[in-house]
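Throughout, read-outs are computed from the coordinates displayed, never taken from laboratory work. This is a predicted model, so every value here is computed, not measured. Counting neighbours? That spans all protein chains shown, and the Cβs are built from the backbone with ideal geometry, glycine included.
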Amino acid sequence: MGRRYRLSASHRLISESLSEAENRNVYGKCANPHGHGHNYTVEVTVGGEIDKTTGMVVDLRQLDGCVNREVLEPFDHQNLNTLECFREQVPTTENLVIEIRTRLQNALPQKLTLTVRVEETSNNFFEYWEEPIP
């Protein structure tokens, strides 16, 4: 079962361990000192046993509430560079998808499998999943 959500956020790709010239070389225009923004699409896919009573893997209201609380409220309309979770790492979309999946994994029932895909642009997307521990 999958669900899509949207959020807007800005970031500047810069590594504190690199010089300005090295950051420009590595990140190109994404190292712009003023940053830039994206309208991200976040896709959350959950799997697991279908509940015999409800006929669902997960209640969509539960999933929506979890995504709102764990993802949309903390990240929507934010500068990712200013958030605690990115204080010591570059707020690339690769790191964003890992952070989102970690937050959701910790908040959703453990029996579910979970894949998170974040589309940054029409050409760039990042996906993160792990096999469940039996």
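Results, tabulated for the structure shown:
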quantity: Length released on extending from L83 to K29, taking residue separation times 0.36 nm less the Cα-Cα span; calculated: 17.3 nm
quantity: Listed candidates [x] 59, 29, 28; [y] 40, 33, 32; [z] 80, 26, 22 - label of the one calculated as Cα extents along the principal axes in Å; calculated: [x]
quantity: R0 of 22 Å, Cβ-Cβ distance Q62-N39: FRET efficiency to nearest 0.05; calculated: 0.30
